Amino acid sequence: MTNEKMKRPNLAVEIAGIKLKNPVMPASGTFGYGEEYAPYLDLNCLGAIVTKGLSLNPKAGNPTPRIAETTSGMLNAIGLQNVGIDAFVQGKVPYYRGITTPIIANFFGNTLEEYGEVARKLNDVPEVTGVELNISCPNVKQGGIVFGTEPSAAAQVVALVRKALNKPLIVKLTPNVTDITVIARAVEEAGADAISCINTITGMAIDIRTRQPKIANRTGGLSGPAIRPVAVRMTHQVVQAVKIPVIGIGGIMCAEDALEFLIAGATAVQVGTANFIDPAAMIAVIEGLERFLIEEGLDDIRQVIGSLKV
């Protein structure tokens with residue numbers, strides 16, 4: 001069969017009722033609000049756009065330095081800097097009316113009340129197709145315990161957001177737990193429509209000359225290729241533990257990396273650190289997935305998803 005007659009393989013998938021033209025999207029915090037990357041790639045080619053994390057009020061973030069390179073990775077402690085939900089709706093959302101790619105708004109809170117308030121505000125924004133709930137934040141009313149590290153706290157915030165929200169709800173899990181499947185099952189039971197995993201792994205780097213931490217916050221989130229084997233393992237575990245779709249995240253730099261997550265059972269993937277190295281990295285991943293299917297004689301990406309042989 002000639003190349004001209006070959007039908008292009010189908011890359012479309014569905015997450016919690018959100019139809020994606022392909023399974024590739026940016027990880028929150030690595031792609032701004034989307035518009036910033038428009039000069040470098042066609043946003044309409046992506047499966048979805050995941051926004052920078054949004055809070056009830058604007059946040060200035062942590063003091064600098066906030067990023068440090070590590071071996072095969074990156075530490076960051078940006079501090080969830082963002083414009084706040086109201087400025088997002090007024091200043092960022094109008095741009096989305098000119099693109100066809102689904103918009104997934106990532107958001108967080110420091111209290112249950114804040115989570116609920118932001119969820120209600122996002123519910124009234126038709127341009128936002130779905131939301132991604134970041135539960136890797138400390139509950140300031142409960143001694144600073146991170147919502148996502150304790151099953152009952154995770155379930156409580158998910159249930160509250162679920163009640164306030166009519167849109168598809170994706171919950172992003174932290175890897176900084178003993179057993180991620182316990183948290184995954186808790187958020188599924190509380191009303192999550194999908195799960196994304198993993199968020200960054202807490203790490204630290206020290207300048208041996210100054211004897212000081214390389215980032216002002218002392219610790220930060222480790223991302224990049226260094227964490228990929230951990231992320232693939234956790235993604236596979238979560239896929240086995242829940243019935244809802246899972247989005248795999250962690251150190252994806254190329255199509256081969258993305259395929260590990262898909263074969264492990266993820267329905268879609270998010271690309272993060274790679275966007276800092278190459279703003280068009282996701283386009284290369286999408287094109288690589290298509291080439292792989294052609295080489296393998298497959299006509300649908302769903303033939304790859306969950307195909308792990310054990």
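Residues checked against (1) at pLDDT 95 or above; (2) surrounded by fewer than 19 Cβ atoms within 10 Å (Cβ to Cβ); (3) closer than 26 Å to Ile252 by Cβ:
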{"position": "Thr101", "(1), (2), (3)": "yes, no, yes"}
{"position": "Phe107", "(1), (2), (3)": "yes, no, yes"}
{"position": "Gly116", "(1), (2), (3)": "yes, yes, no"}
{"position": "Ala153", "(1), (2), (3)": "no, no, no"}
{"position": "Val158", "(1), (2), (3)": "yes, no, yes"}
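Considering only the stretch 56-92, state which residues are loosely packed, with under 15 Cβ neighbours inside 10 Å and not in a loop (DSSP other than H, G, I, E, B).
Ile67, Glu69, Asp86, Ala87, Gln90, Gly91
Taking Ala231, is it in contact with a strand residue (DSSP E or B) (Cβ under 9 Å, 6 or more places away or on another chain) and closer than 29 Å to Leu80 by Cα?
On the way: in contact with a strand residue (DSSP E or B) (Cβ under 9 Å, 6 or more places away or on another chain): yes; closer than 29 Å to Leu80 by Cα: yes.
For Ala231, the condition - in contact with a strand residue (DSSP E or B) (Cβ under 9 Å, 6 or more places away or on another chain) and closer than 29 Å to Leu80 by Cα - is met.
Quick check, is Asn10 closer than 29 Å to Asp300 by Cα, of a type outside the set (Val, Ile, Thr), crowded, with 19+ Cβ neighbours inside 10 Å and at pLDDT 95 or above? Please lay out each step first, then the result.
On the way: closer than 29 Å to Asp300 by Cα: yes; of a type outside the set (Val, Ile, Thr): yes; crowded, with 19+ Cβ neighbours inside 10 Å: no; at pLDDT 95 or above: yes.
No, not satisfied.
Determine if the stretch 121-139 includes at least one residue that is within 14 Å of Ala105 (Cα to Cα), buried (at least 22 other Cβ atoms within 10 Å of the Cβ) and basic (Lys, Arg).
No: zero hits.
Residue check: is Thr219 within 23 Å of Cys137 (Cα to Cα) and buried (at least 22 other Cβ atoms within 10 Å of the Cβ)? If you could, list the steps in order and put the result at the bottom.
On the way: within 23 Å of Cys137 (Cα to Cα): yes; buried (at least 22 other Cβ atoms within 10 Å of the Cβ): no.
The answer is no for Thr219.
Among the residues in the stretch 47-54, are any touching a strand residue (DSSP E or B) at 6+ places or on another chain (Cβ under 7 Å) and at positive phi?
Just the residues of the stretch 47-54 that are touching a strand residue (DSSP E or B) at 6+ places or on another chain (Cβ under 7 Å), to begin with: 47-54.
Adding the requirement that they be at positive phi leaves none.
No - not one qualifying residue is present in the stretch 47-54.
Taking Glu114 as the residue in question, decide whether it is in a helix (DSSP H, G or I), among the charged types (D, E, K, R) and farther than 16 Å from Ala27 by Cβ. Don't jump to the end; show me each part of the working.
Working: in a helix (DSSP H, G or I): yes; among the charged types (D, E, K, R): yes; farther than 16 Å from Ala27 by Cβ: yes.
It is true that Glu114 is in a helix (DSSP H, G or I), among the charged types (D, E, K, R) and farther than 16 Å from Ala27 by Cβ.
Condition first: outside any loop (DSSP other than H, G, I, E, B), of a type outside the set (A, V, I, L, M), free of Cβ contacts under 8 Å to residues at least 60 places away in the same chain and surrounded by fewer than 22 Cβ atoms within 10 Å (Cβ to Cβ). Can you find one or more residues in the stretch 261-281 that meet it? It would help to see each step written out before you state the result.
We begin by selecting, within the stretch 261-281, every residue outside any loop (DSSP other than H, G, I, E, B); these are 261-264, 268-271, 274-277, 281.
Keeping just the survivors that are of a type outside the set (A, V, I, L, M) gives 261, 270, 275-276.
With free of Cβ contacts under 8 Å to residues at least 60 places away in the same chain added as a condition, the list becomes 261.
Now restrict to residues that are surrounded by fewer than 22 Cβ atoms within 10 Å (Cβ to Cβ): none.
No; the residues of the stretch 261-281 include none that is outside any loop (DSSP other than H, G, I, E, B), of a type outside the set (A, V, I, L, M), free of Cβ contacts under 8 Å to residues at least 60 places away in the same chain and surrounded by fewer than 22 Cβ atoms within 10 Å (Cβ to Cβ).
Going by the structure shown, is Arg218 farther than 26 Å from Ile301 by Cα and without any contact (Cβ under 8 Å) to a residue 12 or more places away in the chain?
On the way: farther than 26 Å from Ile301 by Cα: yes; without any contact (Cβ under 8 Å) to a residue 12 or more places away in the chain: no.
Answer is no for this residue.
Those residues that are under 15 Å from the mean Cα position of the chain (by Cα) and not in a loop (DSSP other than H, G, I, E, B), I need them from the stretch 21-51; list them, please.
Those that are under 15 Å from the mean Cα position of the chain (by Cα) and not in a loop (DSSP other than H, G, I, E, B): Val24, Met25, Pro26, Ile49, Val50.
Does the stretch 295-304 contain any residue that is surrounded by 15 or more Cβ atoms within 10 Å (Cβ to Cβ), assigned to a loop (DSSP other than H, G, I, E, B) and at pLDDT 95 or above?
Yes: one or more hits.
Looking for something over 17 Å from the mean Cα position of the chain (by Cα) and under 16 Å from Pro279 (Cβ atoms) - is there at least one such residue anywhere in the stretch 56-75?
No; the residues of the stretch 56-75 include none that is over 17 Å from the mean Cα position of the chain (by Cα) and under 16 Å from Pro279 (Cβ atoms).
Could you please give the count of residues in the stretch 241-254 that are surrounded by fewer than 19 Cβ atoms within 10 Å (Cβ to Cβ) and either free of Cβ contacts under 8 Å to residues at least 40 places away in the same chain or more than 24 Å from Gly130 (Cβ to Cβ) (or both)?
Total meeting the criteria: 1.
Testing Lys141 on (1) at pLDDT 95 or above; (2) in a helix (DSSP H, G or I), one condition comes back false. Which one is that?
In the conditions (1) at pLDDT 95 or above; (2) in a helix (DSSP H, G or I), Lys141 misses (1) alone.
Across the stretch 17-41, what is the total count of residues that are more than 22 Å from Pro94 (Cβ to Cβ) and touching a helix residue (DSSP H, G or I) at 6+ places or on another chain (Cβ under 6 Å)?
3
The values are calculated or read from the model by the stated rules, or taken from the named source; none is laboratory data. Keep in mind that what you see is a predicted model, and the values were worked out from it rather than measured. Don't worry about glycine lacking a Cβ; one is built from the backbone with ideal geometry, like all the others, and counts go over all protein chains shown.
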